[in-house]
Structures are given as structure tokens and as C-alpha cells.
Amino acid sequence: MRICYFGTYRANYARNRLMIDRLRDQNIEVTECHETLWSGIEDREQVASGGWKKPAFWWRLISTYALLLRQYLRVGSYDVMIVGYPGQPDMLLARILSWIRRKPLVWDVLMSIYLIALERKLDQRSPITTRLIRKLEHFACHLPDLLILDTQEYANWFQSTYHVAAERIRLLPLGADDRVFKPSD
């Protein structure tokens with residue numbers, strides 16, 4: 001089996017590293033097709049707080065996706081495309097590319113960026129941005145063939161909030177990096 005792990009996902013985020021490493025542990029060939037869109041949490045919060053209205057952000061977005069598309073054209077054949085966390089902005093391009101190649105699309109959602117925005121009270125600073133994030137996430141949820149979430153509670157939330165069919169969701173617990181965390185006596 002060959003996987004194309006796709007998107008602007010956080011390359012060093014534990015969930016993405018664990019997913020890629022565990023797939024490789026199962027003798028699955030994983031080709032990473034990745035470009036960095038965000039420089040960190042502060043960058044994402046600045047954009048979410050209204051920085052998305054600036055032309056510099058839109059140029060960065062276009063440039064990043066142009067580089068990602070160029071990289072994708074060199075990926076070669078694969079059996080499944082997986083979009084890593086966070087993948088909300090990547091889903092439309094991923095869906096188009098997977099349709100062209102007639103390959104299944106899986107999204108490792110992990111967390112709702114809409115809920116994160118609410119937890120960080122972005123809705124009080126920028127209600128328009130919060131509504132746009134919710135719409136983006138709702139749209140993204142309906143593009144993949146399969147969504148991966150880590151708990152049943154989160155699956156229930158996505159089902160009720162975004163009307164995602166239960167049969168399109170699979171649970172994969174978060175896990176821990178056993179190269180870092182060891183059982184204690």
C-alpha cells in the first residue's frame with residue numbers, strides 16, 4: 001500500500017508524526033507531500049484575528065498551494081490520500097486531486113479549529129472570522145471519503161454540528177510517542 005500524506009499540516013506535530021511513523025511501521029509506503037503555511041500558533045491567531053484580510057496573507061496562501069501542487073505532481077502513484085492535521089484549508093484541493101486520480105481521500109481531523117477559535121474567544125474579537133472558520137470546517141467535513149477522529153464524543157459533536165454520517169467516521173485514539181514516553185515502574 002502507498003499513502004500520499006498531503007497538505008499544509010503541522011509537520012512536527014505529534015499526531016502527524018505518529019500517524020506517519022505508525023503507517024511506516026506497518027510496511028506502508030508513505031510519501032509526504034507537504035508545504036508549510038503557518039509559522040506557529042501566533043501566526044494562525046493573527047490571521048484568524050483579521051490578518052486574513054491582508055493581501056500579504058492571500059499571496060502567501062497562493063504561493064504555498066502552488067508549491068504544494070508542484071510537489072504533488074511529482075508524487076507518483078498512491079492508493080490513498082490522507083490529509084494531516086490541521087487540514088481544513090487543504091480539503092478542497094485534496095478532494096480535487098484525489099478525484100482526478102480516482103483515489104480515496106481520508107482526513108485526520110483530530111480537532112475542530114472552530115471549537116479552538118471559540119475556546120480562545122476569537123468569536124468576541126472577530127465574529128466574522130469565527131463564522132468563516134465554521135463554514136470552512138463544515139465544507140471540509142463533507143469532502144473526504146473518511147474522517148478520522150480520536151474519541152466518540154468528538155465524533156458525536158461532528159455528527160450533530162456538521163451532519164457527518166457516522167459511517168464516514170473512524171476512531172483512532174490520540175496515542176503517545178513511545179520513543180519519548182516509557183512506562184514507569
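Of all residue pairs spaced 6 or more apart or on separate chains, those with beta-carbon atoms under 7 Å, a first member in the stretch 25-48 that is more than 14 Å from A11 (Cβ to Cβ) and without any contact (Cβ under 8 Å) to a residue 40 or more places away in the chain and a second member that is part of a helix (DSSP H, G or I) and not basic (K, R) are V47/F57. Going residue by residue through the stretch 50-61, is there one that turns out to be modelled with pLDDT of 95 or more, out of contact with any His (no Cβ under 7 Å at 6 or more places or on another chain) and not in a helix (DSSP H, G or I)? Taking every residue of the stretch 50-61 in turn, none turns out to be modelled with pLDDT of 95 or more, out of contact with any His (no Cβ under 7 Å at 6 or more places or on another chain) and not in a helix (DSSP H, G or I). With respect to the conditions (1) crowded, with 17+ Cβ neighbours inside 10 Å; (2) within 30 Å of I28 (Cβ to Cβ); (3) of a type in the set (A, V, I, L, M, F, W, C), I133 lacks only one, and its number is (2).
One line per residue, one yes/no per condition, for (1) modelled with pLDDT of 90 or more; (2) not hydroxyl-bearing (S, T, Y):
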position: H34; (1), (2): yes, yes
position: S39; (1), (2): no, no
position: V47; (1), (2): no, yes
position: L73; (1), (2): yes, yes
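Scanning the stretch 21-48 for residues that are surrounded by fewer than 16 Cβ atoms within 10 Å (Cβ to Cβ) and part of a loop (DSSP other than H, G, I, E, B) yields Q26, N27, I28, T36, S39, G40. Note on the stretch 49-108: among residues that are polar (S, T, N, Q) and crowded, with 16+ Cβ neighbours inside 10 Å, the one that is farthest from C141 (Cα to Cα) is T64.
The values are calculated or read from the model by the stated rules, or taken from the named source; none is laboratory data. All figures in this text were calculated on a predicted structure; none of them were measured in a lab. Here Cβ is always computed from backbone atoms with ideal geometry, including for glycine, and neighbour counts include all displayed protein chains.
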